[in-house]
1. Quick check: is even one residue across the range 146-163 modelled with pLDDT under 95 and either over 25 Å from GLY341 (Cα atoms) or open to solvent by 50 Å² or more (accessible area, probe 1.4 Å) (or both)?
2. With the structure loaded, tell me whether VAL315 is surrounded by 15 or more Cβ atoms within 10 Å (Cβ to Cβ) and hydrophobic (A, V, I, L, M, F, W, C) or whether it fails that test.
3. Only residues that are open to solvent by 10 Å² or more (accessible area, probe 1.4 Å) and under 22 Å from the mean Cα position of the chain (by Cα): list them for the range 287-297, please.
4. Taking into account only those residues within the range 223-276 that are assigned to a loop (DSSP other than H, G, I, E, B) and aliphatic (A, V, I, L, M), which is farthest from LEU212 (Cα to Cα)?
5. Exactly one of these conditions fails for CYS113: (1) on the phi < 0 side of the Ramachandran plot; (2) in a loop (DSSP other than H, G, I, E, B); (3) surrounded by fewer than 17 Cβ atoms within 10 Å (Cβ to Cβ). Give me its number.
6. Among the residues in the range 336-356, are any open to solvent by 50 Å² or more (accessible area, probe 1.4 Å), modelled with pLDDT of 95 or more, of a type outside the set (A, V, I, L, M) and in a loop (DSSP other than H, G, I, E, B)?
7. Take VAL220 and decide whether it is of a type in the set (Val, Ile, Thr) and without any contact (Cβ under 8 Å) to a residue 24 or more places away in the chain.
8. Just to be sure I understand the filter: pairs with C-beta atoms under 6 Å, separated by 6 or more residues or on different chains, first member in the range 78-92 and under 15 Å from LYS117 (Cβ atoms), second member of a type in the set (Phe, Trp, Tyr) and outside any strand (DSSP E or B). Which pairs pass?
Amino acid sequence: MRFFASSHAPIDFYFKKCPKDFIVSEEPLYPFSGEGAHGILHVRKKNKSTWEMLSLLANVLGCPLSAFGYAGLKDKDALTSQYISLPKEYLGALETHAKTLQDQDIKILDTTCHGHKIRLGHLKGNRFFVRLKKVTPLNAQKISHVLEFLVQWGFPNYFGAQRFGKWGDNFKQAKLQTSKKLKRLDRFLISSYQSWLFNAWLSTRMHLSTLLDHFSPKEVHSQFQMIPVEQIKTLQAQEHYFKLLEGDVLCHYPFGKYFYHQEGEPNVGRFNHRELAPTGLLPGLKVWRAQGLASHFEVLHDQDIQALGDRRYAVVFPTQLEFCYLEKQAQATLSFFLPKGSYATIFLEEIAHLELFKRGNDDLPASD
């Protein structure tokens, strides 16, 4: 079950992923040096997945697919730009094949060089542009108010439905493989299972936070007896909707080092000012795990997965946000920046207050 950051009623609008209404621009983690053995391509693609684009480039340039590097996968049903790397010696063939690539809706915007291959995760995040349709003046006003809230307090950083395959259940296969302790596990399926476990943990914590905001200490204690009543009162005094627990693994925001939250430290105020954020577990090897009270919630969604684990922000904050309502067209445009790993679809669902991207459905219809 998903929980939302704010308590507003659902807002009607329509959104469909397509190049005209959904534009994604990747922001690299670091500036490229202009020198080195690896060529860097700034590539714009339309109606193609990152894998489809890389496969086409490999065929046209004669470059092995394994030689390419990329920081993240971009949506297929969109106009997207991203940076990829390849051995420098293949750059010379680009001009010859530019027309062929453009005929396939792939355009090389710029080239440079760098000293090493681009690796997965080597990006700050992505800037998004979306066009919302069937927006009434009243709903435009509601959207504007919700955006003010989300900029200030952020939204729960759930993995989007596309993480779990067309029918939303590929994690079940990974769960079965993990239970059998197979030596060779499909990397994508394991990642999907870790994501599913994270979402389950996040929903548990959001459920707790919701109860803390709406019920008495005794009522909360009746459901979460591991939390003393006096501690519940302290948690209820926290201003943010996501309550920090003793032993939570925090991280400086939007990137930085991990550290543990202890009661009495000024972390609650720093969270309110978007200087840090709590993180949740992607179960696996060599990863920080929560301590103290927070560990009681994390252990419920931890598994013995023989793959590298990680942690992920529980809450993220949209920045560089611009909202414009076009009343005559009954449309609104929205642009914003999200840190790496965050989903624009989750942000749009948070605005709509409806869980609408499911089982390969890329439409956000009116809520009727």
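The values are calculated or read from the model by the stated rules, or taken from the named source; none is laboratory data. Every value quoted in this text rests on a predicted model; they were computed, and no experiment measured them. Cβ placement follows ideal geometry from the backbone for every residue including glycine, while neighbour counts extend to all protein chains displayed. The area values use the complete protein model at the heavy-atom level, side chains included, leaving out ligands, DNA and RNA. Shrake-Rupley method; radii C 1.70, N 1.55, O 1.52, S 1.80 Å.
1. The initial filter retains those residues of the range 146-163 that are modelled with pLDDT under 95, namely 159-163.
Still in the running and either over 25 Å from GLY341 (Cα atoms) or open to solvent by 50 Å² or more (accessible area, probe 1.4 Å) (or both): 162-163.
So far as the range 146-163 goes, yes, one or more of its residues are modelled with pLDDT under 95 and either over 25 Å from GLY341 (Cα atoms) or open to solvent by 50 Å² or more (accessible area, probe 1.4 Å) (or both).
2. On the way: surrounded by 15 or more Cβ atoms within 10 Å (Cβ to Cβ): yes; hydrophobic (A, V, I, L, M, F, W, C): yes.
In short, yes.
3. If the condition is that a residue be open to solvent by 10 Å² or more (accessible area, probe 1.4 Å) and under 22 Å from the mean Cα position of the chain (by Cα), then VAL287, TRP288, ARG289, ALA290 are the ones that fit.
4. Step one: of the range 223-276, the residues assigned to a loop (DSSP other than H, G, I, E, B) are 224-228, 237-248, 253-257, 261-266, 273-275.
From what's left, aliphatic (A, V, I, L, M): 226-227, 237, 244-245.
Values: MET226: 14, ILE227: 11, ALA237: 9, LEU244: 12, LEU245: 12 Å.
Restricting to residues being assigned to a loop (DSSP other than H, G, I, E, B) and aliphatic (A, V, I, L, M), the top hit is MET226.
5. (2)
6. Going residue by residue through the range 336-356, those that are open to solvent by 50 Å² or more (accessible area, probe 1.4 Å) are 340, 355.
Next, only the ones that are modelled with pLDDT of 95 or more stay: none.
Scanning the range 336-356 turns up no residue that is open to solvent by 50 Å² or more (accessible area, probe 1.4 Å), modelled with pLDDT of 95 or more, of a type outside the set (A, V, I, L, M) and in a loop (DSSP other than H, G, I, E, B).
7. Working: of a type in the set (Val, Ile, Thr): yes; without any contact (Cβ under 8 Å) to a residue 24 or more places away in the chain: yes.
Yes.
8. Once the first residue is under 15 Å from LYS117 (Cβ atoms) and sits in the range 78-92, its partners that are of a type in the set (Phe, Trp, Tyr) and outside any strand (DSSP E or B) give ILE84/PHE68; LEU86/PHE68.
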